[in-house]
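Working notes, beginning with the structure itself.
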Amino acid sequence: MKTASRFLFLATLGLLSTASAQLAEEYRPWTNTAGKQIEATLVSVDAAAKTLKIKMKDGREFDVPIASLSPADFEYAKARYAAMQAAPGAPVAPMPATAPAAAPGAPAAKTPAAKVASKPAPPRPAIAIIPASKFKAPGANDYLGGIQKVRPRLIHNAAGWGYLKGQIATDPVLAKMLEALKASGEDLLQDPGLTRINGDTGGEGPKAIYRMGLLGALHYGDGDLKWQDKGMQELIALTDKVSFRDWHPELIDNVADMVVATCLGYDWFYAALNAQQKTEIRTYLAQKGIDALIAHLEGEPIPETAKGVSGGQAEPVKAKGGTKKAANKEDDKLPPDSKHMAAASALLIAAICMVDDDPAIAKKAADAGSKVFGKGLERFAPAGVWPEGLQAGEDVMDYIAMLAQSRKAAAGNDLGISLVEGIPQFGVARMHLIGPSGQTFNFGDSKGAASTRPWIATWLCGVHGNPGIRAVAASGKQAVSSSYFGQVGHFLYYNPHAAGDGTADSLDYSLPGGVIAATRSGWEKADYFIAVKGGDNADHTAQLDIGSFVLEAGGQRWGIELGVDSERATGLEVKPGGDRTKRFELYLENTLGQNTLVIDGNQDLEAKAKVLVGASSLEKGLAVVDMTDAYGKAAKDVHRGALVVRGTKPYAVIQDDLVIKTTQTITWSMHTKAEIAADGAKATLTQGGKTLIATIVSPAGATFSSGTPPEPSNAQSRDLVKEKVNILKVALADAKGPQSLCITFALDEAPAHTPTPVATWVPKK
């Protein structure tokens, strides 16, 4: 198949929406590029989506990407398509060439009449991913080398701001964003400004980033001097000892955000500051911010200069955190968590910001930040999933974006940060880990199931291309109390790839050696979706949740992740290398609170699990997670398979195959907000006006039961009964030897499913 021929065919398709003129059915073998063959007839061509619809003799229909056709099938389809155009009833009216992208949470229109005006994203750029094993983490001198001594240089330089402002006149979406930002800015002008919140909760940092980001975007995007004046007021207040005696030095994440906000303001409003103001800001930043973050990263006591003096006190207020850890070389081997990555990123942003005005503090910040940042960057490899969860991954990626963009703006390159294995994959993984309902796979210590920093997708599109998400759109104004960038982020990172609709390459996402897999029946809101995880129980922020999954169908999330316990729950917070005994007494953190198997108590605290294999075809998508390490004392060869069968009657399957060493009870659990009616091997779940039928296909004689979570183990924990959480359970008592528990899920009626061993789901080559 010549590329030119394929291109011409696709270009011709772009003139029409669909072709489905009635010709006599013509069944023939169809072979995709992977060698899979089925017998079917061509039903229609959807030019907008660049897919064919084919039908098998049993009536099942499938949408096939034109790009996946074998050369012979492509030539046949082209000829058949021409015959359809010549047949009576063939459509002739010109239609949009591209349908709205089939993106998570944003289903494609079902008919041409329902389509909205849109444009396709440009082709993804060719990128050279740097293998994690070959990536040499940049050092302090690398980050500071080549910095142009001009302002602004954080996120955008003058040319970058100029380009962005120039696009406003020609891009209606960007223009609408600016109008919404101006409306938000008008509200902010009436707000007196941030002051330190007393107590140990902090919370000013995220708000400071939003306010500084908004005012900076308006200063350069709109140009009215009132935005600069307000920005200067906010910046001076952040570093004023009356408004902020300190930045809560015991809270590493709050300090990191205050450092970022202050650096953005210092850089963006630099020309309006006098020499004394610049000196005072730098001094405060160094003492209250940079020194505190370095102490956290190096395990040293928080310096006294980082602690503020409260009214009427002669000595600094004692901070709760920052006591020196016992000397332990093993601590240096522990991977950074999301908070440490925020701190490291903030230090490197500060270094880029201050390198010419205060070289000594810039070098000090870069030294500490670079030692941590490179190690953390590699945690996204190989599949683009941050081990602590998607929300934590978005948090980390937000700081990576600010740092990478700032380094590019200041020196012309980002030292390869955006191309390290795992970073380019993050955008694809993120897309696949958002279910049809728009909820994320919120495993681990996530707070809710919403995407918390969606503007990260806009930045990722600009660097790696659009993986298949809808074009970014303008929204309304934001509240004065907003945290982090919000719509400001979409504005700052706006680019052609994010401005157009993308097309996903696959319905499935799995990478052998990765920790997450997802599969679905389609991109519509009502489609089926399963995401399942492996993971590393040894991580100090991990739940004992290897094998946990979420399940969606009919626009409802049936299998839910419970997320993190209350932040005040006793034992929840554990420092790297600390004792996690109390943490795993909490239901939400131990194995009982997960959608997985319980065999002889909690999973092994040091267990690791990865995706063993995955496969995608017209008929189904699947993945297998090797959970053996989590149950090594009680079982062997523990494999969890997740399967979505596609077609006219789709359904989902969770199957666990394992070998029990000594007689044990195996308990299978799925937490849900649905009402459960268990009846032997069948359970009926009802929620949101929908009905899901769960069926135990094997072993024979196994039955469902239902229950509720236990009462909270301490007064500070979440009460899941009040949250109306139910549990669907299967208990296999006195199990020994080979076991296979296969459960299907389908809307309204049970499917006809014949189980096969998980080991045979993907044929060996």
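Which of the following values of Rg and Dmax of the Cα atoms in Å was calculated from the structure shown: (i) 29.5, 94; (ii) 26.6, 85; (iii) 27.7, 92?
It is the value labelled (iii).
Just report the Cα centroid separation between the stretch 687-765 and the stretch 427-473, whole Å.
If you average the Cα positions of each part, the centres end up 28 Å apart.
State the extension gain, in nm to one decimal, for the chain segment bounded by residue 176 and residue 298, taking 0.36 nm per residue of separation less the distance between their alpha-carbons.
39.4 nm
List the residues, sorted by chain then number, that are 5 or more residues from residue 613 or on another chain and whose placed amide H is less than 5 Å from its amide H.
624
So who's got an amide H within less than 5 Å of the one on residue 474, skipping anything under 5 residues away but keeping other chains? H placed 1.01 Å off N, in plane.
Answer set, sorted by chain and number: none.
May I ask which of 136/307; 582/729; 307/575; 339/364; 690/736; 230/477 have a Cα-Cα span longer than 29 Å here? Write out the running numbers ahead of the final one.
Details: 136/307 36 Å; 582/729 26 Å; 307/575 22 Å; 339/364 19 Å; 690/736 37 Å; 230/477 18 Å.
Going by Cα-Cα distance, 136/307; 690/736 fall outside the 29 Å limit.
Would you mind pulling out the separation of the Cα centroids of the stretch 162-222 and the stretch 331-369, in Å?
Cα centres, the stretch 162-222 to the stretch 331-369: 25 Å.
On the accessible surface of the chain, probed at 1.4 Å, how many percent belong to carbon and sulfur atoms?
Here it works out to 54 percent.
If DNA, RNA and ligands are ignored and the probe is 1.4 Å, what is the ranking of 230, 55, 364 by accessible area, most exposed first?
Descending order: 364, 55, 230.
Kindly report the accessible area of the chain per residue (heavy atoms of protein chains, probe 1.4 Å, no ligands, DNA or RNA), in Å².
40
Note down the relative contact order for the stretch 196-263 as a percent, whole number, built from C-alpha pairs under 8 angstrom at least six residues apart.
Once divided by the residue count of the stretch 196-263, the mean separation gives 45 percent.
Got a number for the accessible area of residue 395? Probe 1.4 Å, square angstrom, nearest 10.
40
Probe 1.4 Å, all protein chains in place: accessible area of residue 527 in Å², nearest 10?
The accessible area comes out at roughly 30 Å².
Sorted from largest to smallest, which semi-axis lengths in Å does the alpha carbon gyration tensor of the stretch 437-504 give for its equivalent ellipsoid, taking the root of 5 times each eigenvalue?
21, 18, 10
Sorted from largest down, give the three principal axis spans of the alpha carbons of the stretch 417-471, whole angstrom values.
The principal-axis extents, from largest down, are 29, 24, 16 Å.
Hydropathy at least 0.0 by Kyte-Doolittle, axial extent at least 18 angstrom from the Cα trace: which helices of the chain, defined as entire DSSP H runs, fit?
172-189, 204-221, 252-268, 338-354, 359-377, 390-411
Between residue 762 and residue 150, how many nm apart are label points set 7 Å from Cα along the C-beta direction?
5.0
Could you work out the helix-only [θ] at 222 nm for the chain, with each DSSP H run of four or more residues adding -39,500 (n - 2.57) and the total divided by the number of residues, to the nearest 500 deg cm²/dmol?
So the calculated ellipticity at 222 nm is -9000 deg cm²/dmol.
Excluding same-chain residues fewer than 8 positions from residue 371, which aspartates and glutamates have a Cα within less than 17 Å of its Cα?
142, 291, 298, 300, 330, 331, 332, 337, 414
Can you list residues from other chains, or at least 5 along the same chain, whose modelled amide H is less than 5 Å from the amide H of residue 40?
Distant-sequence amide H within range of residue 40: 28, 30.
Under the Karplus relation 6.51 cos²θ - 1.76 cosθ + 1.60, θ = phi - 60°, what is the ordered set of whole-Hz ³J(HN,Hα) values for the stretch 638-653, x standing for Gly and Pro?
My calculation for the stretch 638-653 gives 8, 10, 9, x, 10, 9, 10, 8, 9, x, 6, 10, x, 7, 10, 9 Hz in order.
Using a 1.4 Å probe on the protein heavy atoms only, what accessible surface does residue 490 show? Give it in Å² to the nearest 10.
Residue 490 has an accessible surface of roughly 30 Å² with all protein chains in place.
Within the stretch 590-652, what is the number of lysine pairs with alpha carbons under 29 Å apart, leaving out pairs fewer than eight places apart on the same chain?
8
The values are calculated or read from the model by the stated rules, or taken from the named source; none is laboratory data. Every value quoted in this text rests on a predicted model; they were computed, and no experiment measured them. For neighbour counting, all protein chains shown are included, and Cβ atoms are generated from backbone atoms with ideal geometry for every residue, glycine included. What goes into the accessible areas is simple: the full protein's heavy atoms, side chains included, and nothing from ligands, DNA or RNA. Shrake-Rupley method; radii C 1.70, N 1.55, O 1.52, S 1.80 Å.
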